[in-house]
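K.L.:
Please see the structure below; I have some questions.
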């Protein structure tokens, strides 16, 4: 008798298939992301990198506010109505939100250009902001198209966009730096990359929705309908609550520390923190491959009223995120100092301690994405807004206390402390609201196994000198981790049955 029923098996297989596509996309983007950060850091140096990081952060925050909760709404409701076989409503939701975002991005882009031209006192920063204002429009619209691809669960589209745009943007950046155009040239390269990415996403999503229209013309059960008032109110309520969360997210999760570093610390500290944050962010994209699939996955289950499926999905996803995230965070912290000096140069060695802090605590944040995904997918995101507001205040207080004295290290401590508060609160609320127990015993076993692996890596690095120790550490750590998981009992019978199911075998 199989442990997992056929409907759950099909959902698990779909999740596994989408995970594979997302893995390819994330790894490809991650490779070029790391390569870009290395060549930019080595070419610009700490001071110019600090200025460039500040401009990127500012534009990133502005586009985050323009998008607000609308991409999340597109992903959720497109997935939900596709799950109901109502593709016409899914398309209409996407179209309405796309038009709203086009208007909003045009307004904000024009406003940034106007303010930078008339109010910026520094000539160089004025020019950089004027250039960067152009990039707001393609970034905002690309997020809506990406959200549509996520809702449709067409992750192949995201792979194609990444396969084409990432190498081209990387080459543009390389040519820009070789031509000594520095920060302004990098921004132009970013604009070209954003426009190209948007064009590719537009082409494939347009074709996908056109396919739905052709099915309707062939007599399939797809009807053209308008969004009714009740649905509009539901989407608006969801988007507004998520928008509030986005503001909180910008403070707690999106490098708000750069705002305080820019005011209380020299540009080098911005560079060190940005580099450390980038390393932590890229490292956690690997568990993010899986977690990014969870909102549409839980939304589809929620639309079908499958409460047991929510519980099973939450338990599995939390444990598997821990299996991925913890060893990455621990091993990254062990190796960050020698790797930063090797890859980025000795000028950036002060980024090592912030990177170690961020890597360890970001791994807990990655595991908590299962909690936030189930709240978004079941429209219980109000808790995130309420609890996040408290955390945001806590984060700002820590920034004001720690950054003036400790710079990038203080910023890392402030950010990590706020994230841990979010992790604990989210898990507690899911337990209380849905009656789903957090798999704390399994997660603890996985964390202990990761610590054992980390001790082994540290021992190898202590016994051997030079870069040979890095190679040996990376070579032996997977075996230590797997052996520790098996010995401690972190891999149980349910995991083995699930693996057999995915392989098409009987348990």
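K.L.:
Ranked from highest to lowest mean number of other Cβ atoms within 10 Å per residue, what is the order of the peptides 94-107, 412-425, 143-156, 386-399?
P.N.:
143-156, 412-425, 386-399, 94-107
K.L.:
Cβ neighbours within 10 Å, averaged per peptide: list 474-486, 349-361 in order, most packed at the top. Mind dumping the intermediate values first?
P.N.:
On the way: 474-486: 16.0, 349-361: 23.7.
So the peptides 474-486, 349-361, ranked by packing, come out 349-361, 474-486.
K.L.:
Which of the peptides 172-179, 194-201 is most tightly packed, and how do the rest follow, going by the mean number of other Cβ atoms within 10 Å of each residue? If you can, show how the numbers build up before the last one.
P.N.:
Numbers: 172-179: 16.1, 194-201: 20.5.
Highest mean packing first, the order is 194-201, 172-179.
K.L.:
What is the distance, in nm, between label points placed 7 Å from the Cα along the Cα-to-Cβ direction at residue 448 and at residue 39?
P.N.:
4.7 nm
K.L.:
Between residue 207 and residue 100, take the C-beta separation as r, use R0 = 22 Å, and let me know the FRET efficiency to the nearest 0.05.
P.N.:
On the way: r = 23 Å, r/R0 = 1.03.
E between residue 207 and residue 100, to the nearest 0.05, is 0.45.
K.L.:
What number do you get for the range 254-437 when its Cα radius of gyration is normalised by 2.2 N^0.38 Å, N = residues? Walk me through the numbers before you get to the answer.
P.N.:
Numbers: Rg = 17.6 Å, N = 184, 2.2 N^0.38 = 16.0 Å.
Against the compact-globule rule of thumb, the ratio is 1.10.
K.L.:
What is the range 89-167 by shape, rounded, prolate or oblate, if you read a ≥ b ≥ c off the alpha carbon gyration tensor as root eigenvalues and call it rounded for a/c under 1.5, prolate for a/b larger than b/c, and oblate otherwise? All intermediate terms of the calculation are to be shown ahead of the outcome.
P.N.:
On the way: a/c = 5.56, a/b = 1.80, b/c = 3.08.
Judged from the Cα gyration tensor, the range 89-167 comes out oblate (a/c at least 1.5, b/c at or above a/b).
K.L.:
Distance from the Cα centre of the range 362-412 to that of the range 83-154, in angstrom?
P.N.:
About 25 Å separates the Cα centre of the range 362-412 from the one of the range 83-154.
K.L.:
Can you classify the range 373-470 as rounded, prolate or oblate using the Cα gyration tensor, where a ≥ b ≥ c are the square roots of its eigenvalues, rounded means a/c under 1.5, and otherwise it's prolate if a/b beats b/c and oblate if not? Can you show the working numbers first?
P.N.:
Working: a/c = 3.56, a/b = 1.37, b/c = 2.60.
Oblate.
K.L.:
Here's something else I'd like to know. Fully extended, how many nm does the chain gain between residue 181 and residue 479 (0.36 nm per residue separation, minus their Cα-Cα distance)? Don't jump to the answer; show the numbers that get you there.
P.N.:
Details: separation 298, 0.36 × 298 = 107.28 nm, distance 4.60 nm.
Result for the pair: 102.7 nm of gain on full extension.
Laboratory data are not the source of any read-out in this text; all were calculated from the coordinates shown. Small disclaimer: the values here were computed from a predicted structure and weren't measured. In this analysis, Cβ positions are derived from the backbone assuming ideal geometry, glycine residues included, and neighbour counts consider all displayed protein chains.
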